[in-house]
Amino acid sequence: MMDLKSLTKEELEAFLLEKGEKKYRAAQLYEWMHRHLAGSFEEMGNLPKSMKEMLAKECVLTCLQTERLQISKLDGTRKYLFALSDGQMIESVWMPYHHGNSVCISSQAGCRMGCKFCASGIGGLVRNLTPSEMLDQIYRIQRDTGERVSNVVVMGTGEPLDNYDNLMRFLQLLTDENGLHISQRNVTVSTCGLVEQIRALAQEKLAITLALSLHAPTDEKRKQIMPIAHKYTLDEVVGAVADYGQITGRRVTFEYSLIAGVNDSDEDVKNLSELALRAGAHVNLIPVNPVTEAGYRAPDRRAAKAFADKLEQNRVNATIRRTIGADIDAACGQLRRKVRLEGED
Ligand code: SAH
């Protein structure tokens, strides 16, 4: 079965020509899927019945089922639990901001990276999401809210660079002028640090923001919380991220989950500052969300603020992110609703 929504416009043309359809039908079908965000063939009013029958027989139009929706009374954040066609569940989050609405999407069902503090990896990797399943999260939410999505962060469940080819195709379709046409500058991809893929991504010449989940500033400490640190040293991964910034001209981000007594000492500030300065990175501090049995807890607000101030003293830009949608957070440990806290306290 052909996964229609994962095809580029050119591939869709080739497919329809092969099926004996006219070329201009591809533009119509593409528009239905990627601009009108149609959820079924029936909605596609200007396509002939015979063509829709052929499509229904030979292709799939992926479609997510909303299993659960939680809406924050505090800030309007919406957390969706979607079922994929094979019954796998994924989560996506919609965050309304004055400067535009953001959606945080998942890139895999499960994850095989096994970070100690993260709930997404507990059951291991189930499977990669297709490009259409990544797009569907955004399409579904835009249809549901009736509001335009302007920012996309690939920071949900999964390691996006472990699903590289599908991620590339997703990015192409997402930013295509015939689709939602989201600006590359408004897209962030977050990785635990797969060095070869970071280097490959830099060569794609995209204007997307790269976020590295650093979380510890020495190899020794990083190995304790992130298995990927056994494969790549900090020198290698920070080197690749620094080169990404140089090649693309885009400022990179370090994600740093603050864990009390693990990575929040003065020595950590010093080491983190050196790495951030080397990569020209902005540091996002995220008080760790205690979701697993690892027993990690976050430093209190004051200590987090002090950590950020010390980074600033070393000329490193740092912001503390807080969890938003706090009232809908309790049921879920996987996705963190993040918002930049400008001028907290
Ligand atoms: N695999 C990618 C994408 C996941 S993004 C990555 O590692 O970047 C999700 C972000 O939330 C990552 O920075 C991840 O390390 C972080 N995270 C996971 N569990 C967390 C927790 N319990 N508290 C705070 N941040 C967490």
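Brief remarks follow.
- In the condition set (1) at positive phi; (2) more than 15 Å from the ligand (Cβ to nearest atom); (3) modelled with pLDDT under 95, Arg315 is compliant with all but (3).
- When residues of the stretch 121-151 are limited to those that are within 14 Å of the ligand (Cβ to nearest atom) and crowded, with 24+ Cβ neighbours inside 10 Å, the one nearest to the chain's Cα centre (by Cα): Met134
- Only residues that are closer than 22 Å to Ile198 by Cα and buried (at least 20 other Cβ atoms within 10 Å of the Cβ) were counted across the stretch 256-284, and they come to 10.
- Residue list for the stretch 254-282, filter: under 19 Å from the mean Cα position of the chain (by Cα) and within 12 Å of the ligand (Cβ to nearest atom): Phe254, Glu255, Tyr256, Ser257
- Lys205 being at pLDDT below 95 and out of contact with any Leu (no Cβ under 8 Å at 6 or more places or on another chain): yes
- In the condition set (1) buried (at least 16 other Cβ atoms within 10 Å of the Cβ); (2) away from the ligand (no atom under 13 Å from the Cβ), Val241 is compliant with all but (2).
- Failed condition for Thr66, given (1) in contact with a Lys or Arg (Cβ under 9 Å, 6 or more places away or on another chain); (2) outside any loop (DSSP other than H, G, I, E, B); (3) buried (at least 16 other Cβ atoms within 10 Å of the Cβ): (3)
- Single unsatisfied condition, Gly114 versus (1) buried (at least 23 other Cβ atoms within 10 Å of the Cβ); (2) more than 9 Å from the ligand (Cβ to nearest atom); (3) over 26 Å from Ala38 (Cα atoms); (4) of a type outside the set (A, V, I, L, M): (1)
- The residue that is surrounded by the fewest Cβ atoms within 10 Å (Cβ to Cβ), among those in the stretch 296-312 that are within 12 Å of the ligand (Cβ to nearest atom) and of a type outside the set (A, V, I, L, M, F, W, C), is Arg297.
- Of the residues making up the stretch 181-199, those that are buried (at least 18 other Cβ atoms within 10 Å of the Cβ), within 16 Å of the ligand (Cβ to nearest atom) and either of a type outside the set (Val, Ile, Thr) or within 19 Å of Glu11 (Cβ to Cβ) (or both) are Ser190, Cys192, Gly193, Leu194, Gln197.
- Within the stretch 1-37, if we keep just the residues that are free of Cβ contacts under 8 Å to residues at least 12 places away in the same chain and in contact with a Leu (Cβ under 8 Å, 6 or more places away or on another chain), the residue that is nearest to Leu167 (Cα to Cα) turns out to be Lys23.
- Candidates in the stretch 200-210 are the residues that are surrounded by 14 or more Cβ atoms within 10 Å (Cβ to Cβ) and assigned to a loop (DSSP other than H, G, I, E, B); of these, the one that is nearest to the ligand (Cβ to nearest atom) is Ile208.
- Meets criteria (within 14 Å of the ligand (Cβ to nearest atom), in contact (Cβ under 8 Å) with a residue 40 or more places away in the chain, within 23 Å of Ser265 (Cα to Cα) and of a type in the set (S, T, N, Q)) for Ser213: yes
- Search result, residues across the stretch 233-249 that are more than 20 Å from Lys221 (Cβ to Cβ) and among the polar types (S, T, N, Q): Gln246, Thr248
Conditions (1) touching a strand residue (DSSP E or B) at 6+ places or on another chain (Cβ under 8 Å); (2) among the polar types (S, T, N, Q); (3) not in a helix (DSSP H, G or I), marked per residue:
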site	(1), (2), (3)
Gly239	no, no, no
Ile247	no, no, no
Tyr256	yes, no, yes
Asn263	yes, yes, yes
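- For Val269, the criteria (1) more than 29 Å from Asn151 (Cα to Cα); (2) not charged (D, E, K, R); (3) not in a helix (DSSP H, G or I) hold in every case but one, which is (3).
- Residue in the stretch 74-81 that is closer than 27 Å to Gly124 by Cβ, hydrophobic (A, V, I, L, M, F, W, C) and in contact with a Gly (Cβ under 8 Å, 6 or more places away or on another chain) present: no
- Lys79 being more than 30 Å from Asn186 (Cα to Cα) and outside any helix (DSSP H, G or I): no
- Of all residues in the stretch 154-180 being in a loop (DSSP other than H, G, I, E, B) and more than 22 Å from Ser120 (Cβ to Cβ), the one that is nearest to the ligand (Cβ to nearest atom): Leu180
The values are calculated or read from the model by the stated rules, or taken from the named source; none is laboratory data. These numbers were taken from a predicted model, which means no experiment stands behind them. We place every Cβ from the backbone using ideal geometry, glycine too, and count neighbours over all the protein chains shown.
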